[in-house]
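Please read the structure below before turning to the comments.
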Amino acid sequence: MGKTLFEKIWDAHVVVEKENGPSLIYIDRHLVHEVTSPQAFDGLRMNNRRVRRPDLTIATMDHNVPTNDRSLPILDQTSAIQIKTLEKNCQEFGIQLFDINSPNQGIVHVIGPQLGITLPGSTIVCGDSHTSTHGAFGALAFGIGTSEVEHVLASQSLWLEKPKSFEIKVEGKRKNPHAVTAKDIILSIIKNIGTGGGTGTVIEYSGEGITDLSMEQRMTICNMSIEGGARAGLVAPDENTFEYLRGRKYTPKNYESLVEYWRENLKTDSDAKFDKTYTLHIDNIAPQVSWGTNPGMTCDVTESVPYPDEFAKGDQNQKKAAQNALEYMNLEAGTPITEIKIDRVFIGSCTNARLEDLIEASKIIKGQKVSEKVRAMVVPGSQMVKRQAEELGLDKIFTEANFEWREAGCSMCLGMNPDILSPGERCASTSNRNFEGRQGAGGRTHLVSPVMAAAAAIEGHFVDTRELDLD
Amino acid sequence: MIKYERDNIDTDVIIPGQYLKVHDYAELATHAMEGLDPDFHSKVKEGDFILSGKNFGCGSSREHAPIALSHSGIKAVLALSFARIFYRNSVDGAFLLPIEIEDDAYQGISEGDEIDIDIKSNQIKNLTKNQTYKMKPFSEIIGKIIEAGGLFKYKPD
């Protein structure tokens, strides 16, 4: 029987295999940031260990960096200490760091691909759950905890149990590809499979609805695999993938011969079997808006906030969860999504802060003004994205519309830096999690695409973006 | 036993992002479950267990989540299922035991019940109600990491 792409990558990285037991898996790239690494470095020091492969380890600071003027000192002392600690650790252990003043600083999952560090067929880990993003390049990429970070630093390997394989086929063509985006596809998938639908699996996304997507859009899809409970998500590499990585800063010198190998080998065999499959048809899907407190609580923009009974379909815990969510979100069941008024807009995060996201959002913003009741900000995913956007004049389009134009970082996706919601504030956010308090204690998050976030900023409420002149 | 009758308890409510800069574990513990249950810190006792539904610990990879629970006194979380990173984090640092249970234990155990867990026989005894439930056995690697006292003490055969 043939193998799936995931199994091929797994098999190629097995160092030690135990029958019916775990495998020791070799790690090709380890990405490190300031929040989940300090205890791991402390552990190395305590046990007198070195970093096994500093040349395969890359660090940046993204989670708690302020996104205002970089020439100003960092006011939050605990953040400043965490940032300083990463600098010291990288220096001591010989790890390349893109620090807060580096032109290559940015969200770790945005800079990896941009710098050509993310490669097809490789294993990539990072102490961050959204590491699944790199799967867009046909890599096996997943998030790990701090103990595992220490284990990889010390040994460049991890003991892992082999996950199951899950194929998600995305069939058909979107009628309004500018109004209905990759974010709407992945939110639809999570709405249908549930937040635990992918538990214990690695998802392979396939079908015309995926191969039609650009690399940046594929990253949005793979990024949110973890929100469906999966270990990782990946897409078989194709000519788009190879073209994206050609000629980047760290693209390997023997790139073309690698491409030949990848083209031949990095695909699922026609007779391979997945443990699980799901198919989504996207011909008629609508823009998506989350209404609750997990990413599965999502509906079409044309629908209304559901009644808990209708949402739960007989599951008591789901009913209770929906009731709690409505209370937390201060929403009444039956309210049309387009009547929900917002206070804030956040365009940013490792899900949706790449150049294409900003270009698509800017088309809606151009010549318009943000609603007087809304405060809106754009936080580019990396300093490189920021520069590229500025070269295209996007910063002017956003600032003339009264958007704030910020420096790169995770920012309001997780509320670790000063960019947070106040209690009760309602935000249209291009990020990945709408958990209670995620964007600040008491803050209310609606997950949407960059296009929807931009339209909501102008109108002050959600709109059916298909009715705008975008295509 | 502290019971949260809900699914999808995420790491952002177990320990909100603003506290990921806190390195003192005792202080971290004072903010455990703050996003969901502000009374948690005052009611939790050394040796307590948490009981919850499906997909416990979903979300971020922050090891701060099991650390905050562990340093609050929580020795085990019993849940219908776990998110993978939380599950591994719990055993890798020997912070707490993630115990997968079936519906009988989920329905049968109430807040305040006294529980005894035997991971050798995979049995959960409810001393208050005099009931016994099965727990899902740990996989080989997880069992060995737990037995060793954490990932760094685990030595493969």
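Every number here is computed from the coordinates shown, using simple stated rules; none is lab data. What you see is a predicted model; the values in this text were computed from it and never measured. Every residue, glycine as well, gets a Cβ built from its backbone with ideal geometry; the counts of neighbours run over all protein chains shown.
Residue farthest toward the positive end of the dipole of the protein assembly as shown, with Cβ of Lys/Arg at +1 and Asp/Glu at -1: which of A:L31, B:A65, B:V44? With unit charges placed on the Cβ atoms, the residue in question is A:L31.
Within the straight-line cut-off of under 23 Å between alpha carbons, the lysines reachable from A:K267 are A:K3, A:K8, A:K162, A:K164, A:K169, A:K173, A:K276, sequence neighbours fewer than 8 places apart in one chain being disregarded.
Remark: mean inter-chain Cβ contacts per residue of B:78-90 equal 4, using a 10 Å Cβ-Cβ cutoff to other protein chain atoms. Computed from point charges on the beta carbon alone (+1 for Lys and Arg, -1 for Asp and Glu), the dipole magnitude for the range A:319-471 about its Cα centre is near 400 Debye.
For the range A:288-467, what is the percent of antiparallel DSSP beta bridges, rounded to the nearest 5?
DSSP beta bridges in the range A:288-467 are roughly 25 percent antiparallel.
Taking the Cα centre of the range A:5-278 as the origin and placing charges on Cβ (Lys, Arg +1; Asp, Glu -1), which of A:S188, A:P237, A:S79 is farthest toward the positive end of the dipole? Going by the charge dipole, the pick is A:S79. Partner lysines whose Cα lies under 18 Å from the Cα of B:K155, excluding those fewer than 8 positions away in the same chain, are identified as A:K18, B:K144. Cα to Cα, under 19 Å, and not fewer than 8 places away if on the same chain: which lysines meet these conditions relative to A:K313? Partners found: A:K191, B:K54. Note on A:430-439: average number of Cβ atoms from other chains within 10 Å of each residue's Cβ is 5.
Quantify how strongly other chains surround peptide A:70-78 by giving the mean number of their Cβ atoms within 10 Å of each of its Cβ atoms.
On the way: counts 0, 0, 0, 0, 0, 0, 2, 1, 6.
Shielding by partners across A:70-78 averages 1.
The packing ranking, built from the mean of other Cβ atoms within 10 Å per residue, places the peptides A:122-135, A:380-393, A:37-50 in the order A:122-135, A:380-393, A:37-50, highest first.
Note on the protein assembly as shown: antiparallel DSSP beta bridges, both residues inside, total approximately 30 percent of the bridges counted.
How high is the relative contact order of chain B, in percent, with contacts defined as C-alpha pairs under 8 Å that are six or more residues apart?
Result for chain B is 20 percent.
Taking all Cα pairs closer than 8 Å and separated by 6 or more residues, the relative contact order of chain A comes to 18 percent. Between A:L326, A:T351, A:G292, the Cα set farthest toward the positive side of the dipole of the range A:288-467 (charges on each charged residue's Cβ, about the Cα centre) is that of A:T351. Applying a threshold of 24 Å to the alpha-carbon distances of B:K43/B:K125; B:K120/B:K153; A:K320/B:K125 flags A:K320/B:K125 as lying beyond it.
Computed over the protein assembly as shown, the convex hull of the alpha-carbon atoms projects to a mean area of 26.2 nm².
Measuring spread by the Cα atoms of the range A:5-278 yields a radius of gyration and Dmax of 18.8, 59 Å.
How large is the direction-averaged shadow of the alpha-carbon convex hull of the range B:2-112, in nm²?
Dividing the Cα hull surface by four gives the mean projection, 5.9 nm².
Charges were assigned to the Cβ only: +1 to each Lys and Arg, -1 to each Asp and Glu. The resulting dipole of the range A:121-226 about its Cα centre is roughly 380 debye.
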